[in-house]
Amino acid sequence: MIRRAVPVDKRLWHLIVGTRGGLNRAKIVHLLRARPYNANALAATLKLDYKTVRHHLRVLVENDVVMASRDQTYGTLYFLTPRLQNHFEDFLEIWGKIQEDAKKMNEVNKDGHPS
C-alpha cells in the first residue's frame, strides 16, 4: 500500500489549530527555526512541564515536522525537518493567523466587545 504524504499546510493546520495543545506545538516549531533545542531547554524556555514538551515533540516527530538527533538520549536535540524548512512559509501563515486571533481576543477581553 502506498502512503501518500499529507500536504504540509493541511498537516500544520491540524497540528496547530485543530488539536488541543496546538499553540504550544507552534511555539516549539517557532523556537526550533532559530536553533536546535533539547526537551529540557524547550520546557524551561516555554515554562512548560518537561513531560508536556516531550509529548508535543513526539507528536511533531510522528508528523514529520520535527526530527531528533541520532543519539536519542536525555540531551537529544530536535530540529525542523527539511520538509518543513522547505515549506516554512506555510507555518508562518498559520503563526500570523494565531497572532491576529490572539490580538483580537485581547481587544475583546480588554473592552468587553470587539473594536
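The values are calculated or read from the model by the stated rules, or taken from the named source; none is laboratory data. Since this is a predicted model, take the numbers as computed values, not measurements. Here the Cβ is made from the backbone with ideal geometry for all residues, glycine too, and neighbour counts use every protein chain on show.
Here are the numbers:
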{"quantity": "All positions within the stretch 23-43 that are in contact with a Phe, Trp or Tyr (Cβ under 9 Å, 6 or more places away or on another chain) and within 24 Å of residue 102 (Cα to Cα)", "calculated": "26, 28, 29, 30, 31, 32, 33, 42, 43"}
{"quantity": "Subset of the stretch 1-33 that is of a type in the set (Gly, Ala, Ser) and within 13 Å of the chain's Cα centre (by Cα) - its residue that is modelled with the lowest pLDDT", "calculated": "18"}
{"quantity": "Pair list, Cβ < 6 Å and 6+ apart or interchain, from the stretch 86-109 residues that are farther than 16 Å from residue 15 by Cβ to residues that are of a type in the set (Gly, Ala, Ser)", "calculated": "107/115"}
{"quantity": "Residue in the stretch 49-70 that is polar (S, T, N, Q), surrounded by 11 or more Cβ atoms within 10 Å (Cβ to Cβ) and part of a strand (DSSP E or B) present", "calculated": "no"}
{"quantity": "Test: residue in the stretch 93-104 that is part of a helix (DSSP H, G or I), within 11 Å of the chain's Cα centre (by Cα) and either at positive phi or surrounded by fewer than 16 Cβ atoms within 10 Å (Cβ to Cβ) (or both)", "calculated": "no"}
